[in-house]
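Novice: Here it is, the structure in full.
The values are calculated or read from the model by the stated rules, or taken from the named source; none is laboratory data. In this text, all values refer to a predicted model and were calculated from it rather than measured experimentally. Note that we place each Cβ from the backbone using ideal geometry, even for glycine, and neighbour counts take in every protein chain shown. Side chains are part of the model used for accessible areas, which takes the heavy atoms of the whole protein and leaves out ligands, DNA and RNA. Shrake-Rupley method; radii C 1.70, N 1.55, O 1.52, S 1.80 Å.
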Amino acid sequence: MDSIICIVLGMLFANGVPHFVKGITAEKWDVPWKKPASASTNVLWGIANWLIVVILYALFKPDINSFDAACFLIGMGITGYYLALHWSEKKNENDAA
């Protein structure tokens, strides 16, 4: 169970990064309920993702070992790869228009 939690934590952590970065650089970026959302909304959404990571960590308190740390990185990698593909397609659609 610790491995699954660590994957989810990695996914949520990675998802918070682009929202936070876009927000602090004053760029609009999509959030689940609004496309595109304001910079301040993105900062809050990025922090909300990280807050969920902290809450889940506190609730499940996984014993972090090397394998669980690798699972965290795998979760980050899965989400990062998905986001790269997703936003590359959106960028190509916008460039074509």
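Novice: Determine which member of the set Ile78, Ile47, Ile74, Ile55 is in a helix (DSSP H, G or I), surrounded by 15 or more Cβ atoms within 10 Å (Cβ to Cβ), β-branched (Val, Ile, Thr) and on the phi < 0 side of the Ramachandran plot.
Specialist: Ile74
Novice: Name, by its number, the condition in (1) under 19 Å from Thr79 (Cβ atoms); (2) not in a strand (DSSP E or B) that does not hold for Asp30.
Specialist: Going through the list (1) under 19 Å from Thr79 (Cβ atoms); (2) not in a strand (DSSP E or B), Asp30 breaks only (2).
Novice: If you don't mind, another one. Six or more apart or on different chains, Cβ under 6 Å: which pairs go from a residue in segment 68-83 that's within 9 Å of Gly10 (Cα to Cα) to one that's open to solvent by 60 Å² or more (accessible area, probe 1.4 Å) and in a helix (DSSP H, G or I)? Could you list them?
Specialist: Here the result reads Gly75/Met11; Thr79/Met11, each pair linking segment 68-83 to a residue that is open to solvent by 60 Å² or more (accessible area, probe 1.4 Å) and in a helix (DSSP H, G or I).
Novice: While we're looking at this one, here's another question. Enumerate the pairs (first residue in segment 16-45 and in contact (Cβ under 8 Å) with a residue 12 or more places away in the chain and of a type in the set (S, T, N, Q); second residue anywhere and assigned to a helix (DSSP H, G or I) and open to solvent by 40 Å² or more (accessible area, probe 1.4 Å)) with beta-carbon separation below 8 Å, excluding pairs fewer than 6 apart on the same chain, so at least 6 apart or on different chains.
Specialist: Note: pairs meeting the criteria are Asn42/Phe20; Asn42/Lys22.
Novice: Moving to a separate point now. Quick one: count up the residues across segment 5-35 that are more than 16 Å from the chain's Cα centre (by Cα) and either surrounded by 19 or more Cβ atoms within 10 Å (Cβ to Cβ) or not basic (Lys, Arg) (or both).
Specialist: Looking only at that region, the number is 3.
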